[in-house]
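Have a look at the structure below before the remarks.
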Amino acid sequence: MIKSFLPLFLALAITGCATAQVPSSTGGAGDDHLGSVPVLLGLDPVRQDLKLSSLQCALLDSLRTEYKSRAKQITAIGMADEDAGIRANWDLKSLRKTFNQRALAVLSSSQQDRLREIERQMLKGNLLTSPSEQQLLGLTPQQLQQLAGIAQSSTAKVTALNAQSASGKLSPFWADIKRHQIQSGTSNQMLSVLTASQKKHWLVLSGQKMGLPKFSDPNANTKSLFEGY
């Protein structure tokens with residue numbers, strides 16, 4: 001069940017990686033989250049880690065249902081032609097920003113901080129297109145330019161992959177596999193842009209890794225939930 005949700009979140013996240021941006025103090029909190037926060041907050045391990053209350057879960061369930069319904073409608077409209085696809089892409093970004101802000105408003109400040117750590121663990125280097133991450137790490141103009149080039153290349157690959165899938169030349173199964181390969185490669189390329197000290201700072205910012213619950217052996221070691229993603 002967990003793995004079935006993770007690809008969805010990562011697939012949504014990659015659409016926000018079109019270009020690396022210069023940090024800006026303008027815009028809402030939803031601008032700085034590359035994936036769908038309502039979808040991420042629908043994962044049981046994430047909810048447990050954040051210690052969400054039943055009221056918070058109920059509010060987030062409602063937001064997630066509404067978000068997915070509207071996203072599905074926009075995606076369907078975007079299938080008409082290339083122009084419709086371009087408009088749908090912008091509409092989806094706007095929708096994600098709005099619902100991210102609404103979902104974050106449900107969380108306390110400490111829960112928001114922990115959620116950011118979880119995002120770093122899940123998205124890894126892909127999150128380096130986030131303005132706040134760039135600012136925290138003190139990235140140079142040259143590094144920002146490198147990230148922009150990597151992000152643009154990644155977006156072009158995903159666009160071509162989606163076209164192949166839509167035309168029936170590639171099955172959904174293989175499209176998912178190749179999409180994960182692109183995401184993984186993009187993450188590694190982006191992380192390679194960081195200096196050694198920036199990478200160490202990144203590890204600190206990622207916080208304590210989420211772990212799977214222990215079922216049978218209370219003394220058994222557990223691996224990170226997001227190990228391998």
Any chance Asn100 is part of a helix (DSSP H, G or I) and buried (at least 19 other Cβ atoms within 10 Å of the Cβ): yes
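This table checks each residue for (1) of a type in the set (Val, Ile, Thr); (2) under 20 Å from Gly35 (Cβ atoms).
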position: Ser109; (1), (2): no, no
position: Arg120; (1), (2): no, yes
position: Gly138; (1), (2): no, no
position: Thr155; (1), (2): yes, yes
position: His180; (1), (2): no, yes
Scan of region 154-175 for residues that are surrounded by fewer than 15 Cβ atoms within 10 Å (Cβ to Cβ) and in contact (Cβ under 8 Å) with a residue 40 or more places away in the chain, ordered by number: Ala166
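Restricting to region 33-44, and then to whatever is farther than 13 Å from Ala103 by Cα and under 16 Å from the mean Cα position of the chain (by Cα), can you tell me which residue is modelled with the highest pLDDT? Steps first, answer last, please.
Of all residues in region 33-44, those farther than 13 Å from Ala103 by Cα come to 34, 43-44.
Those still in the list that are under 16 Å from the mean Cα position of the chain (by Cα) too: 34, 43.
Details: Leu34: 80, Leu43: 92.
Filtering first and then ranking leaves Leu43.
Touching a Phe, Trp or Tyr at 6+ places or on another chain (Cβ under 8 Å) and either over 28 Å from Trp202 (Cβ atoms) or of a type outside the set (Phe, Trp, Tyr) (or both): which single residue out of Leu50, Leu63 fits that description?
Working: Leu50 fails: touching a Phe, Trp or Tyr at 6+ places or on another chain (Cβ under 8 Å).
Going through Leu50, Leu63 in turn, just one is touching a Phe, Trp or Tyr at 6+ places or on another chain (Cβ under 8 Å) and either over 28 Å from Trp202 (Cβ atoms) or of a type outside the set (Phe, Trp, Tyr) (or both): Leu63.
Residue check: is Glu133 modelled with pLDDT of 90 or more and in contact with a Gly (Cβ under 7 Å, 6 or more places away or on another chain)?
On the way: modelled with pLDDT of 90 or more: yes; in contact with a Gly (Cβ under 7 Å, 6 or more places away or on another chain): no.
No.
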Region 43-56: number of residues that are crowded, with 16+ Cβ neighbours inside 10 Å, hydrophobic (A, V, I, L, M, F, W, C) and assigned to a helix (DSSP H, G or I): 2
Pairs with Cβ under 6 Å, 6+ apart, first in region 85-103 and closer than 17 Å to Thr65 by Cα, second polar (S, T, N, Q): Arg96/Ser36
Residue in region 140-163 that is closer than 30 Å to Ser62 by Cα, of a type outside the set (A, V, I, L, M, F, W, C) and either in a helix (DSSP H, G or I) or out of contact with any helix residue (DSSP H, G or I) (no Cβ under 9 Å at 6 or more places or on another chain) (or both) present: yes
Within region 158-202, tally of residues that are closer than 30 Å to Pro141 by Cβ, under 19 Å from the mean Cα position of the chain (by Cα) and modelled with pLDDT under 90: 2
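Check whether at least one residue in region 18-25 is within 21 Å of Ile150 (Cα to Cα), of a type in the set (Ser, Thr, Tyr), more than 13 Å from the chain's Cα centre (by Cα) and at pLDDT below 50, and report yes or no. Give the steps one after another, and end with the answer.
Just the residues of region 18-25 that are within 21 Å of Ile150 (Cα to Cα), to begin with: 18-24.
Within this subset, residues satisfying the condition of being of a type in the set (Ser, Thr, Tyr) are 19, 24.
Next cut, more than 13 Å from the chain's Cα centre (by Cα) only: 19, 24.
Imposing the further condition that a residue be at pLDDT below 50 reduces the set to 19, 24.
The answer is yes; a qualifying residue exists.
Among the listed residues Ser69, Ser94, Ser108, identify the single one that is out of contact with any Pro (no Cβ under 7 Å at 6 or more places or on another chain), modelled with pLDDT of 95 or more and surrounded by fewer than 14 Cβ atoms within 10 Å (Cβ to Cβ). First the steps, then the outcome.
On the way: Ser69 fails: modelled with pLDDT of 95 or more; Ser94 fails: modelled with pLDDT of 95 or more.
Just one listed residue meets the conditions, Ser108.
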Pairs where the first residue, in region 129-143, is surrounded by 12 or more Cβ atoms within 10 Å (Cβ to Cβ) and the second is of a type in the set (S, T, N, Q), C-beta under 6 Å, 6+ apart: Pro131/Gln21; Pro131/Ser24; Leu137/Gln198
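The values are calculated or read from the model by the stated rules, or taken from the named source; none is laboratory data. Fair warning: this is a prediction, and the values are worked out from it, not measured in the lab. Glycine gets a Cβ as well: all are built from the backbone with ideal geometry, and neighbour counts include every protein chain shown.
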